[in-house]
Amino acid sequence: MNAPQLEAEDLEKVYGSGENRFRALKGVSLSARTGDSLAIVGRSGSGKSTLLHLLGALDRPDGGRVRYEGEPVDTMSTRDQDRMRNREFGFVFQQFHLEERASVLENVALPMMIAKVPAKERRERALEVLDRLGLADRADENAANLSGGQRQRVAMARALANRPRVIFADEPTGALDVENGATVADLLFELNRDDGITLVLITHSTDLARRCGRRVTIVDGELAPDDPAATEPVR
Amino acid sequence: MTPRDLLRSAGRNTFRRPLRAFLTIVAIAIGAFTFTVTSGLGTGINTYIDSQTRAVGASRTVQVTGTSVMSFLNERMEVYRDDMDTARGMDVGSGILGEEDLQRITSALGPDDEYSANRQVSALYYSHDGGQRYRFVYNGYWPGKTANLVAGDQLRDDTDQAQLIVPSYATRPLGFASAQDAVGRTVEIGVLGQDGEVRTVPGTVVGVQEKSLIGGNLPFGNQVLDDALQDASWAGSAEDDAQWYSSVLVTGEDPDRISRDVAAQGYATATAEQTVGDYKSIVNGILLLLNLLAGVAIVAAMFGIVNTLMMSIQERTRQIGMFRALGMGRRRVFSSVALEAALLGVIGSVVAVALGVLAGRLLGPMALDLAGLDLPGLELFAFDATSLVAIVLGVTVAALVAALPPALRAARMDPMDALRENR
Ligand SMILES: Nc1ncnc2c1ncn2[C@@H]1O[C@H](COP(=O)(O)OP(=O)(O)O)[C@@H](O)[C@H]1O
Ligand SMILES: [Mg+2]
């Protein structure tokens, strides 16, 4: 139980080439145990999103590696990576990335649909999650008709629908007003606390960051040297 | 994702841009429609030709002529023999046959084979009551032939009256007040005999037939008239004069053997099957051309599909990337794009097949009417389910092939395509 669930080892990421070559990550190592809540903070452009994408197997590093449950992600087949994102991970982004033409329910059910959950069960589970997020009555509405706060809650419901073990959230409250932001944040911590879901959260809000169990600060693609999290043993 | 889910999302994606989907479907439908109409024509005409062979009952008969009817391809010099002057007035389009030929032909026949030699009729003109003469183009005797009449009745063979039916445009020039007026009146047909004398054969007009695009524009008579015309054509030939025939009909149990043996003697032979086969190859040649056009239309439609789907996935880069982020596999992305194409193909071809069948059913009889082709049993368009299903399947496969490049491109997209997009 002591082994880390999610582990990054010397991650490097380079964008562009030649003149435009840019090292967005210059060797970042960190780890998280099951049920952790980890805040990634730092200035805009420091490489937080890049790091999150690598941790969530949404992108490939140019150096170093990510392990999930001890297994190196880079040696997994594309299929297994797809499966991992579908079954183990949930994503919430600043831009909600909803299917505007589909109903709220269909949006929430999408990961389950990909997982081939039968339609009936899909509906039940989606309604359950929507109920928890206070959106059950909007289930059959078009996603485009909702407000920003509601949309982000739909995105969260979608991230939760397939019962993930890790939630990656990239500035989930960044596009929301204070009130909606607070609701969404409360929900995230509730999931972390009550369901034991590991939370990896990028945020600009010091308040949110403070509510996390651990914080790492990224400066120009590197962990800040004085960051206590950076000295945490990677193993 | 169950097949139903796939279908639903494919449907939604296909009709994201309704106008674009519609235009692509139209392009597909044009090709499929052409295939349908061509297939309908092919089935209709070939079925008719087949049924005619059966109806004629002439399947045991072999027609023997001097040279092939289609001999325009091998036109050549023919040595003139002195006795050929008695073959005057004969149509030599398929050569002429003399007694010597007849002997060589019959020597090739089996003991049970029967034959009859047909002489040529040399009718020249016809007129009424000593009035203006008009060239009488005789097309032979066609047992059981019926006409679209504007006046009078059909020909009868259970009579000893020499009857004929004249085209409606001929009634006034011949000197009748109207078509109705012509019925029951007599015309005189001038026939050139072997002796160079022109004799007239009287015939009673029993019917007047409608003028039309194809057929119905020549006078024709019953068997009594035909006999009279033959007699007049050969009048004046001396007993020892050479006899000339335009064709010999041989009937036997094994027409293929007859055909082979007689052909070996250097004559052109045609069994009913071969004659029908000739018609069929002409029909099939035309159909091939139409099918080629349909193929070109389908290829054009395929480019349309490539274009439509390329634009579609370009627009949906974010969506597809998001699906990939949520764990949708490359294969599924590929098949969802392919399914979109299949949907376009199926909709386009089913609509086109339905329209094609409808058009054939409605316009087929109308076209036959317009052409005055009142041939019992002839349906210009006939559709069989197998070919229609084959058209839908074929067009759908073509659509799937066209989907290959866009589907591959879509399958290569990854999550970052969604996340990068809104930078
Ligand atoms: N696809 C890309 N191509 C080029 N540069 C990129 C790309 N993505 C990110 N970058 C650059 O990498 C750096 C880190 O980006 P990012 O991880 O998004 O930062 P953050 O999320 O901390 O604001 C930025 O300077 C950004 O401009
Ligand atoms: Mg960012």
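The values are calculated or read from the model by the stated rules, or taken from the named source; none is laboratory data. Just so it is clear, the structure is predicted and the values come from calculations on it, not from any experiment. Every residue, glycine as well, gets a Cβ built from its backbone with ideal geometry; the counts of neighbours run over all protein chains shown. Heavy atoms of the whole protein, side chains included, go into the accessibility calculation; ligands, DNA and RNA do not. Shrake-Rupley method; radii C 1.70, N 1.55, O 1.52, S 1.80 Å.
Quick notes
- Per-residue SASA remark: A:E69, around 90 Å² accessible (1.4 Å probe; ligands, DNA and RNA not included).
- For segment B:327-423, the mean projected area of the C-alpha convex hull, equal to one quarter of the hull surface, is 9.2 nm².
- Top positive-direction residue, dipole computed over segment B:100-190 with Cβ charges, set B:V150, B:L174, B:G110: B:L174
- Computed [θ] at 222 nm, helices only, for the protein assembly as shown once each DSSP H run of length n ≥ 4 contributes -39500 (n - 2.57): -15000 deg cm²/dmol
- Distance (nanometres) between label positions extended 7 Å along Cα→Cβ at B:L19 and B:A238: 9.0
- Translational D in µm²/s for the protein assembly as shown (Stokes-Einstein at 25 °C, 0.890 mPa s, Kirkwood Rh from C-alpha pairs): 75
- Taking 13 Å as the straight-line reach from the Cα of A:K120, the aspartates and glutamates in range (excluding those fewer than 8 positions away in the same chain) are A:E106, A:E128, B:D5.
- With all protein chains in place and ligands, DNA and RNA left out, the 1.4 Å accessible area ranks B:L124, B:L388 as B:L124, B:L388, largest first.
- Computed label-point distance, nm, for sites B:R133 and A:R193 using a 7 Å Cα→Cβ extension: 12.2
- Extension reserve of the B:R331-B:D278 stretch, reckoned as 0.36 nm per residue once the Cα distance is removed: 13.9 nm
- Most fluctuating residue given options A:P111, A:P172, A:P72, as computed from a GNM of chain A linking Cα atoms under 10 Å: A:P72
- Note on B:D158/B:L292: beta-carbon distance plugged into 1/(1 + (r/R0)^6) with R0 of 51 Å gives a FRET efficiency of 0.50.
- Each residue was assigned an accessible area with a 1.4 Å probe, and for B:R199 the value is about 80 Å².
- Just checking the listed ones, A:G18, A:G221, A:G148: in the Gaussian network model of chain A with Cα springs under 10 Å, the one fluctuating most is A:G18.
- Relative contact order %, chain A, counting alpha carbon pairs below 8 Å whose residues are six or more apart: 30
- Amide N of segment A:91-129 lying under 13 Å from the label point, which is placed 7 angstrom from the Cα of A:N145 along Cα→Cβ: A:101-105
- In degrees, nearest ten, helix A:148-161 long axis to first principal axis of chain A (Cα): 80
- With a 10 Å cut-off around each Cβ of B:325-335, the average count of Cβ atoms from other chains is 6.
- Under 5 Å, built H, 5+ apart or other chain: amide partners of A:V219: A:A224
- Using a Förster distance of 41 Å, the FRET efficiency for A:R43-A:R101 (Cβ separation, nearest 0.05): 0.65
- Taken residue by residue and averaged, Cβ atoms of other chains lying within 10 Å of the Cβ of A:70-79 number 1.
- Solvent-accessible ranking of A:D62, B:D50, largest area first, probe 1.4 Å: A:D62, B:D50
- Restricting attention to the protein assembly as shown, close to 70% of DSSP beta bridges with both partner residues there are antiparallel.
- Computed label-point distance, nm, for sites B:N148 and A:E71 using a 7 Å Cα→Cβ extension: 7.8
- Value of D in µm² per second that Stokes-Einstein yields for segment A:6-223, Kirkwood Rh from Cα pairs, at 25 °C (0.890 mPa s): 138
- Figure note: A:K116, A:K26 ranked by solvent-accessible area, largest first, 1.4 Å probe, ligands and nucleic acids not counted: A:K116, A:K26.
- Legend: calculated FRET efficiency, A:S17 to B:V351, from the Cβ-Cβ distance at R0 = 45 Å, rounded to 0.05, equals 0.35.
- In the complete set of protein chains, residue-level accessible area for B:M302 is approximately 50 Å², probe 1.4 angstrom.
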